[in-house]
Amino acid sequence: MRRLECVRQMRLASTAAPTRAMADMPYSFFSTPQTDAPCLCIPEVSSEKRKYIPIGFLPGGAIAANTVSIIPGSELYHFDILTSSVHMVWMRTVCGRLEMRYRYSGALVYNTFPWPSSAKEQRTKIEQTAQSIIDARALFLESSLADLYNPLTMPEPLLKAHRANDAAVCAAPVPCG
C-alpha cells in the first residue's frame, strides 16, 4: 500500500496532465504497449553488425517492453517486407544511432518507408517467403533471435530463407509519388 501511495503522489506532482489523471489508478501501468491481437515486434536498438534486424511476432495480450516497437494487425506480408534487405537498406539510411548500433524508429524508419505495391500473385509469393523465414527459425527453437541473427553464426537455412525473401521483395514494384 505504501508503494502505491508513493506512485499516486508522484503522479499527482507531475506537470503532465495525463500523468496526473492516472493518479487515482497507481496500481495500473501508465502506458501499456500491448494489443489483444498478434503484432510484430521490432527492437528499437540492434547491432550494426547484423544484416537483418531480428523482427518477430508477439501473441495477442503480450505486454511489450519499452525497448521495442509493436505493429498491431500485422500479417506475414508486413513481416516479410520489414525483414527484407530492401527495408534494411532504408533503415540503415534513415535511422538514428545509439553509439554505432541502429536505433529503429516508427516515425523515422517505418512511417517513411516506401512500401512496394504488390499484385495478389506477387503478395502470395512474398508471404510464402515470410513463412519460410519463420519455418527456418523453428528449426532452431533452442536459439534466441539474437543468436540466430549473429552474423558469424546465422544458420544456413535461415540465411537461404532471407535470400529468397529478398529476391521476392525486390521483384515488387515501388510506387512513385
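The values are calculated or read from the model by the stated rules, or taken from the named source; none is laboratory data. Small disclaimer: the values here were computed from a predicted structure and weren't measured. Methodologically, a virtual Cβ is constructed for each residue, glycine included, from the backbone with ideal geometry; neighbour enumeration extends over all protein chains shown.
Among the residues of the stretch 1-32, count how many are surrounded by 16 or more Cβ atoms within 10 Å (Cβ to Cβ) and either in contact (Cβ under 8 Å) with a residue 12 or more places away in the chain or β-branched (Val, Ile, Thr) (or both).
Taking the stretch 1-32 as the starting set, the residues that turn out to be surrounded by 16 or more Cβ atoms within 10 Å (Cβ to Cβ) are 7-8, 11, 22, 26.
Right, trim to either in contact (Cβ under 8 Å) with a residue 12 or more places away in the chain or β-branched (Val, Ile, Thr) (or both) and you get 7-8, 11, 26.
Residues meeting the conditions: 4.
Within the stretch 55-65, being of a type in the set (A, V, I, L, M) and either part of a loop (DSSP other than H, G, I, E, B) or within 10 Å of the chain's Cα centre (by Cα) (or both) holds for 55, 58, 62, 64, 65.
The residue that is modelled with the lowest pLDDT, among those in the stretch 14-36 that are in contact with a Ser or Thr (Cβ under 9 Å, 6 or more places away or on another chain) and in a loop (DSSP other than H, G, I, E, B), is 33.
A residue that is of a type in the set (Ser, Thr, Tyr) and assigned to a strand (DSSP E or B) can be found somewhere in the stretch 37-54. So, residue 72, is that one under 20 Å from residue 39 (Cβ atoms) and surrounded by 12 or more Cβ atoms within 10 Å (Cβ to Cβ) or not? Yes. Restricting attention to the stretch 1-58, the residues being of a type outside the set (D, E, K, R) and closer than 30 Å to residue 87 by Cβ number 22.
For residue 102, the criteria (1) within 14 Å of the chain's Cα centre (by Cα); (2) outside any strand (DSSP E or B) hold in every case but one, which is (2).
Residue by residue, here is whether (1) buried (at least 18 other Cβ atoms within 10 Å of the Cβ); (2) assigned by TED's automatic domain parsing to the domain that holds residue 55; (3) among the β-branched types (Val, Ile, Thr); (4) within 20 Å of residue 40 (Cα to Cα) holds:
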{"residue": "93", "(1), (2), (3), (4)": "no, yes, yes, no"}
{"residue": "97", "(1), (2), (3), (4)": "no, yes, no, no"}
{"residue": "105", "(1), (2), (3), (4)": "no, yes, no, yes"}
{"residue": "112", "(1), (2), (3), (4)": "no, yes, yes, yes"}
{"residue": "116", "(1), (2), (3), (4)": "yes, yes, no, yes"}
{"residue": "147", "(1), (2), (3), (4)": "no, yes, no, yes"}
{"residue": "153", "(1), (2), (3), (4)": "no, yes, yes, no"}
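Of a type in the set (Asp, Glu) and under 14 Å from residue 87 (Cα atoms), is that true of residue 166? Explain how you work it out, then say what you get.
Working: of a type in the set (Asp, Glu): yes; under 14 Å from residue 87 (Cα atoms): yes.
For residue 166, the condition - of a type in the set (Asp, Glu) and under 14 Å from residue 87 (Cα atoms) - is met.
Scanning the stretch 49-67 for residues that are surrounded by 11 or more Cβ atoms within 10 Å (Cβ to Cβ) and modelled with pLDDT of 85 or more yields 49, 50, 51, 52, 53, 54, 55, 56, 57, 58.
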